[in-house]
Amino acid sequence: MQFPISSSPFTPRNNSISRVMLHVLYALLPVTAIHSYLFGYGLLIQLLLAVSTALVTESLCLLLRKRAIKPALYDLSAVLSAVLLALAIPSIAPWWVIVSGMVFAIGIGKQVYGGLGYNPFNPAMVGYVFLLISFPLQMSLWQESSNALSLSDSLAIIFANGSVLDGISGATLLDGVKTQLSTGLSLIDIKMLPVDERLNLIPFAYCVGGLWLLHKKIIQWQIPTALILGLCLPATLAYLIDSRQFSSPIFHLVSGATFCAAFFIATDPVTAATSNKGRWIYAGLIGCLIYIIRTWGGYPEGVAFAVLLANLAAPSIDIYTRSKIR
Amino acid sequence: MLLLCLVFSLFALLLGFAAKHLQVQGEPLTEQIDALLPQTQCGQCNFPGCRPYAQAIVEGRAEINQCPPGGDATIAALADLLGRERVTLNAEFGEQKAAAVAFIIEQDCIGCVKCIPPCPVDAILGASKQMHTVIAAECTGCELCIAPCPVDCIIMRPAHTKPSQWQWQR
Amino acid sequence: MAAITQLKHFSGGLTLAAHKQPSNILDSGIPNELIYPLLQRADCYAQPIVKTGDAVLKGQLIAHAGSALSTPIHAASSGVIKEIAAHLIAHPSGLTDLCIVISTDGLDTALEPEPCIDYQSESISDLRTKIQQAGIVGLGGAVFPTAKKLAAPQKIDTLIINAAECEPYISCDESLILAHAEQLIQGVLILQYITQAEQCIIALEESMPQAFQALQKATQKEAIQLIRVPEIYPTGGEKQLIQVLTGKKIPAQSLPAEQGMLCQNIGTAYAVYQAIILGVPLTERIITVTGKGIQHSQNIQAKIGTPIKHLIAECQGYTNDVQRLIMGGSMMGIALSSDEIAVTKATNCILALSSEELAAQTQEMPCIRCGDCANVCPVELLPQQLYWYGRSQQLEQCLDYRLLDCIECGCCDIVCPSQIPLVQLFRAIKGEHTIKQQQTAQADLAKIRYQNRQTRFANAEQEKKDKAAKRQAAIDKMKAAAAAKKANKPD
Amino acid sequence: MKHYLLLLLSTILVNNFVLVKFLGLCPFLGVSRRLDSALGMGLATTFVLTLASVSSYLLYQYLLVPFELEYLRTISFIVVIACVVQLTEILMHRFSPSLHRQLGLYLPLITTNCAVLGVALLNIQAAHGFVESIVFGIGTALGFSLVLLLFAALRERIDVADVPLPFQGASIGLITAGLMSMAFMGFIGLA
Amino acid sequence: MDKNIRTSFINGLWHNNQALVALLGLCPLLAVSNTVVNSLGLAIATTLTLVLSNGLIAYSRGFILAEIRLPLFVLMIAGIVTIIELMMNAWFYQLYKSLGIFIPLIVTNCAIIGRAEVFASKNPVLPSLLDGLVMGLGFSVALILLGALREVLSMGTLFSQAELLFGASAQHWQMNVFDDYSGVLLAALPPGAFIALGLLVALKNALDLLFSKK
């Protein structure tokens, strides 16, 4: 009897890219739920827009390259980028913001390099920074959490350009702190700013999702740990030196996108350093850069820039951290 | 203006001085190039052997893409060594083929010894009126022995056919 | 060295579904033909000493070891040499190679064995010679000549008997222990005597409680330590086992003997017992025939050289859904193109896999550098980097990332979410490396021969010139002499 | 001291010559194929830049200004730079022949590296003092080398990526540089 | 001769376009191409330099020592650029201001020294002048295209501030391509320049591929 021959091993594989991506998407569910609960339908509309734009862009690129479309769509990486970007931008931004950001993210951030696995930069962050730089106004208008919007209001704001209802938008806390600090107030005064306690649910939800991913071994513990350390060490140091001038490490931890970065963005394996030692350096670098940009930079939130800068350094980190043991 | 010229000429003097005193000896580049060539000594580059070709490259009489047995790998290595652009093999000189060794079909051989002198590495054994044979381990696959054979009894055979020489493919 | 109390871990590894069914050992009977490839391992061939038509007996030597790393071959049953010709052999290439084929006569007439009651009265080197002459090799799969391994120049203080059968499906060692515990312990003691090791450890997996009890019973009187190791693939790898037992990492390019340790497979110990005490050469071994492509899984005492189809028939044939025939386990075995191929000394398992046991044909996706492969790699490589550089033909970089240390265990391959056939790629790059080295060696040789030829030509040319010059000089001289004569003549 | 440190930081990161000011792009896109040649180029450029910055400053302040020959600055700077490059080449040939062979083609190109002339010109434009000129030169050079190195490592990776045909080569290099430049915009406002 | 001119035009504008193919002279190209008008200004200055330097070098090629030709070329180019700089300073002061150091930096435009070395130093004056013109035009086309692309993307306009180059009468030349356009600010910033040029190069490659298939 004749048989075909091939290389070992001969075992069914039970892992796939889509499984990994799906788990990450599951882990983002709590955040999505809480976000929608606090702010209304805006996020859901943005999610829909983002995902469909991402899939259409990806298909178009693959069509132009005459490549198989199905496997690339089914791997869910584009969907994940879309969800991350939708979560990152204000949910009351006009529709063309998320659409153009997504086209840029998938087109320039990913497909130009050959698609999944080859992109040196995190596509979601490429899209986000593109939006941040291109449309600073639209990207800085956040909605107050006190009144969740109805579906029709959300639709009106997103699609009927410009008719932003009064009183629903404001700056983020990080934005606020930055502006206030620049006007000469010290942190003590700023603490008096009214803050919706429920907002703390969002970092908490990111944390829950992240811990679940850790448990599922989809992500590795080194990157979140290193990132949080990289952010908190300088923050603690500065806080100890002058607590009037510098925010506390706890503040840095729970505000902005720290946990999102630690668990969902920096852990993107394609754009991270690849050895364990490299991961420590890579994520530590992100943490430090977040702190530096938040504290001294021109932008209130440094996560996206920090991630891109570390992406950019990842190949060098890989080269300089490879084990030389023979 | 005059002062400027003076300053400039001072620079020139300094440079001349430096150039003279820091001059280095030329390196044995020919050796380095020769080491990268496949040593088939096949003459497809239009030079009588690998070393003459290396010499020719050094002297600018030959391009780096004239070695079919070495193929793109050799061109890339030469390009890196010499800091030049990687180019494709010049088809005028032949195409890259799979490694092969010459084999004499013994019943056809008439023992004319015509194939023995062309062999650049003395890999053919034989005497007049005796059957000849190729030492497979020493044959470089240059094919120089094929043309002189009056009865066409020399053929090229793939170099690796035994399981012990087999390698995995991508 | 102190007794082992606490086990360590090697990095990476996987817990795999075992699929093991240890069983009583069925005797295979005598096949019509026995086929012996002359290729022993890597590039070592045995030298046949029989010719077509010769009659041979069971246990008779039919081929010498061709070199130090090769081993002699003995006939496993009586019969006539049918031919020495090219046959398919058990090799990943699927190529044919020279084999000795015996037509058996069914009588199984054996040579008179030379038993030995008291091995301790013999010298160690004599025992080693006997082992060499019995054609014993490492039966774990590496088929390294056992005598050669036992002749390590270093002082050995720990002998490790490897019974950690970590690969899925394989249960031949477990069955062997269950059947022949007493005898194989004798083999272990002989090995300990030969190596003069102070300490002897038998390591087996936690999943073999019955085998453990059998060994416990057999080793009651002996100073042999039984260790149960956790069931993590590839614990059975020599260097991984040493790391589990002692915590010592053996560097990739060095041998355990350099650390005073020696590893032998438990099957080898049994073969040593048979060779020394019973005086019979290695002609049979236990083979696990299993997989969902087989009607009835079974451990079989098979004659080496038996065509696989004979063993399959013993197991009541294939099922309808048989897709692949593997020699060895599912992780590191080699796929065979035909069941006409004969089993060898290295064959511990014949695996007939059904479609559900095989990887579904999936699309290979791009690497996402997730690092799962690095996490499971037992030798701490970065397969993702190796893949990256290997794919782009950067051989130097691959070597820098220690490609040659890869043991091809397959762990990275099966965890890869992108379904990349990593092991095959690494094997191919290693192959390219070997070919490159061969080419370099060949080029160096050719260069020297070419230079010699050039100098020879130059010398010949010079000689010719010298000769011509000499002749010219002689002619001139003669002419001058003649002229002088002429000039003198008138006088 | 703080002033110089800030100047240094701002020239390296915030106003990076390559990514923000578009100076020195030819060697940036040309040499950065391999990490080791990028390192060599970075070192050579650092040397040339620092020296050129200082010497052109001196030339300008003590020769051109007193004689009111400011309009000749372009010509005279070019001459100074050419000399410094020549010197570097000789030194490199002497001390690291292998590096010299790899960078052979690009070394003379430092002459036409606009970053070098750019530094000299910007020194005048920004009315930098002597120490400032040195710091500015060093900062520029470090920024250039840093970006060159990072880009080279990135490029080694992109070279083996499955880049669509029209984008292969210069195009993907430029787009990557663009994304790098985008990332570097995060430093805006730092100094 | 006509055919020669034709091929040299095609060569300069497409096959051997200094900016898009040879990637020479990118520094000023990227730096000033944020509006069409800036692009046009630099395009004119660069083309002028190319023509003049090519002519001068072709004229003087007979009596220049081979060993020191490069430094001399650079000196000549620097001289020409200085003259142009002074002229611009006199006549287009606003534009001169907005182009900044990129006018003197024309000296280090590799495209110019490249043409000098490759073409002008080996050919007579007239062909060299033509070569300079054609190569300059190729460079200019790329520059203006890039400028237009970035201006449209970032502000939705074309020819804004045309008065810098064409005098006061050009003040109303500004065209609004899109109305009520919120502008992709990125295109006006350095990253936009890199990416836009990258896309332009890719577009050219794609067209080449398309033509070669037909």
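Quick note: the coordinates plus some simple rules give every number you see, no bench work behind them. Computed from a prediction, not measured in an experiment: that's the story for all the values here. Here the Cβ is made from the backbone with ideal geometry for all residues, glycine too, and neighbour counts use every protein chain on show.
Here are the numbers for the structure shown:
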| read-out | value |
| --- | --- |
| Given 12 as the ceiling on other Cβ atoms within 10 Å, longest exposed-site-free region of chain C for trypsin sites (Lys or Arg not before Pro) in DSSP loops | C:222-491 |
| Stokes-Einstein D (µm²/s) once Rh is taken as the Kirkwood radius of chain C over alpha-carbon pairs, at 37 °C in 0.692 mPa s | 129 |
| Angle between chain C longest axis and helix C:422-488 axis [Cα atoms, degrees, rounded to 10] | 20 |
| Choice from A:ASN311, A:ASN200, A:ASN119 with maximal GNM fluctuation in chain A (Cα, 10 Å cutoff) | A:ASN200 |
| 10 Å Cβ neighbours from other chains, averaged over peptide C:427-435 | 4 |
| Neighbour net charge for B:ILE154 - beta-carbon separation under 12 angstrom, K R +1, D E -1 | -2 |
| Summed side-chain charge close to C:ALA75 - residues other than C:ALA75 whose Cβ falls under 13 Å, Lys, Arg +1, Asp, Glu -1 | -2 |
| Coordinate range along principal axes, alpha carbons of segment C:108-216, Å, largest first | 42, 38, 26 |
| Amide H within-cut-off set for C:ASN299, under 5 Å, with H built and near neighbours excluded | C:SER23, C:LEU26, C:VAL289 |
| Chain A, relative contact order [Cα under 8 Å, separation at least 6], % | 18 |
| Two-decimal ratio, segment C:233-302, of alpha-carbon radius of gyration to 2.2 N^0.38 Å | 1.50 |
| Share, in percent, of DSSP beta bridges within segment C:25-314 that are antiparallel, nearest 5 | 60 |
| Segment C:SER338-C:VAL80, extension gain: residue separation times 0.36 nm, minus the distance between their alpha carbons | 90.4 nm |
| Net +/- balance of residues flanking C:ALA474 in space, Cβ distance below 13 Å, scoring K and R +1, D and E -1 | +3 |
| Other-chain or far-sequence residues with amide H under 5 Å of C:HIS74's (modelled H) | C:ILE62 |
| Peptide-level mean, for E:73-81, of C-beta atoms on other protein chains within 10 Å | 4 |
| Cα Rg over Rh - the protein assembly as shown, Kirkwood | 1.04 |
| Scaled radius of gyration (Cα, divided by 2.2 N^0.38 Å) that segment D:1-157 gives | 1.02 |
| Distant-in-sequence amide H partners of C:GLU33 (H built 1.01 Å from N, under 5 Å) | C:THR104 |
| Rounded tilt (10° steps) of A:123-134 against the dominant C-alpha axis of chain A | 40 |
| Axial C-alpha extent at least 27 Å, average Kyte-Doolittle at least 0.0 - helices from chain E (DSSP) | E:36-60, E:69-91, E:125-155, E:190-213 |
| Label-reachable residues, segment B:31-75, where backbone N falls under 11 Å from a point 7 Å from B:ALA147's Cα toward its Cβ | B:43-44, B:46 |
| Residue-averaged 222 nm ellipticity for the protein assembly as shown, from DSSP H runs of 4+ at -39500 (n - 2.57), nearest 500 | -15500 deg cm²/dmol |
| Gyration tensor verdict on segment B:29-93 (Cα atoms; rounded if a/c is under 1.5, prolate if a/b is larger than b/c, oblate otherwise) | rounded |
| Size of electric dipole in chain E: Cβ of Lys, Arg +1 and of Asp, Glu -1, about Cα centre, debye, nearest 20 | 600 |
| Relative contact order [Cα under 8 Å, 6+ residues apart], chain C, whole percent | 17 |
